[in-house]
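The values are calculated or read from the model by the stated rules, or taken from the named source; none is laboratory data. Only a predicted model underlies this, so the values are computations on that prediction, with no experimental measurement involved. With ideal geometry, Cβ positions are generated from the backbone for all residues, glycine too; neighbour counts draw on all protein chains shown. What goes into the accessible areas is simple: the full protein's heavy atoms, side chains included, and nothing from ligands, DNA or RNA. Shrake-Rupley method; radii C 1.70, N 1.55, O 1.52, S 1.80 Å.
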Amino acid sequence: MSRSKLVVGNWKMNLNLAGARQLAQAIAGGLPSLLSARNGKVEAAACPAFVHLPAVAEVLRGSPVSWGAQNVYHQPDGAFTGEISTAMLTDLGCRYVILGHSERRLVLGEPDSEINRKLLASLAAGLIPIVCIGETLEQRESGQTWAVIESQLVGSLAGLTAELAGRLVLAYEPVWAIGTGKNATPGQAQEVHADLRKWLTSRYNHSLADSVRILYGGSVKPENAGELLAQVDIDGALVGGASLKAESFSAIVAAC
Ligand code: PGA
């Protein structure tokens, strides 16, 4: 097993242009020495709002920190008012794209079928998709955690060949842990991550399952990152609130 760790900042709909630029500058200043001390075994990326991407890219270009988007549309171009294409993202040097975040699934009503189209379009464009899955509190409490996650996997990864799946990143984000300050315990997260790897093994094969990075997301902060990231099947973190401050984001990267 030689999975590198990945810490992704999901800045969501926060910051203004000056704030996004400042945060990128602080990250670009602090992270390179941390990352080089880990000999390429740890990667970091920032995902600002679409309109802040050019400024953030300008700051991070040439640094070891990557950048990506929080969403994309599946069509290559055309009459899709308000949407952003994969080519627009690759044009800006995006490496990653977050897909199927629970806020998009639950607040904006995005179905698995749409996430699947976005996934296939992103892979075709050379982007690395970070596909989010996770259950609500109600679903967990009624014992449906795995059933929910499995149906999200089946729907969002439909038609994904083993070759393409090799470039996938998954993010397990229990909805009840996002922005609540209440993270999944390392044991709860590890249990789901191990099941995700089992599912990948049965759907594809062992070596593919072993190579896919599975991030945990949901109230990751410097205080809990070390314990979460020490779990065998947790390969990094998708960080919301704590990614908005360079010090806490760097401390999470340092915990890898
Ligand atoms: P949080 O958000 O770290 O603020 O809980 C995580 C996410 O939504 O990706």
The chain, accessible area per residue, ligands and nucleic acids excluded (1.4 Å, Å²): 42
Extension gain (nm, one decimal) between residue 158 and residue 80, 0.36 nm per residue minus Cα-Cα: 25.7 nm
Rough spin-label spacing in nm, given labels placed 7 Å along Cα→Cβ, for residue 55 and residue 38: 2.7
Prolate/oblate/rounded label for the stretch 12-132 (Cα gyration tensor, a/c 1.5): prolate
Span-rule helices in the chain, defined as complete DSSP H runs reaching 30 Å or more along the axis (Cα) with Kyte mean at least -1.0: 17-37
Cα gyration tensor shape for the chain, rounded if a/c is under 1.5, else prolate or oblate: rounded
Anisotropy class of the stretch 44-107 from Cα gyration tensor, a/c 1.5 cut: oblate
Peptides ranked, highest mean first, by Cβ atoms within 10 Å: ranges 70-81, 115-126: 115-126, 70-81
Accessible area of the chain belonging to carbon and sulfur atoms, whole % at 1.4 Å probe: 54
Over the stretch 194-236, equivalent-ellipsoid semi-axes from the Cα gyration tensor in Å: 24, 9, 7
Within a Gaussian network of the chain (alpha carbon springs, distance under 10 Å), most fluctuating of 242, 24, 55: 55
Amide hydrogen neighbours beyond the local backbone of residue 14, cut-off 5 Å, H modeled: 49
Amide H partners (placed H, <5 Å) of residue 217, local residues excluded: 172, 173, 238
Estimated inter-spin distance, residue 113 and residue 245, nm [label 7 Å along Cα→Cβ]: 4.4
Built amide H within the under 5 Å cut-off of residue 69, gap 5+: 96, 97, 98
The chain - share of DSSP beta bridges that are antiparallel (%, nearest 5): 0
Extension gain from residue 201 to residue 223, taking 0.36 nm per residue of separation minus the Cα-Cα distance: 4.7 nm
Length added when fully stretched, residue 210-residue 124, from 0.36 nm per residue minus Cα-Cα: 28.7 nm
Average Cα contact separation per residue, the stretch 5-255, under 8 Å, 6 or more apart, as relative contact order %: 20
Cut-off 12 Å between beta-carbons: net charge of the residues surrounding residue 228, Lys and Arg +1, Asp and Glu -1: -2
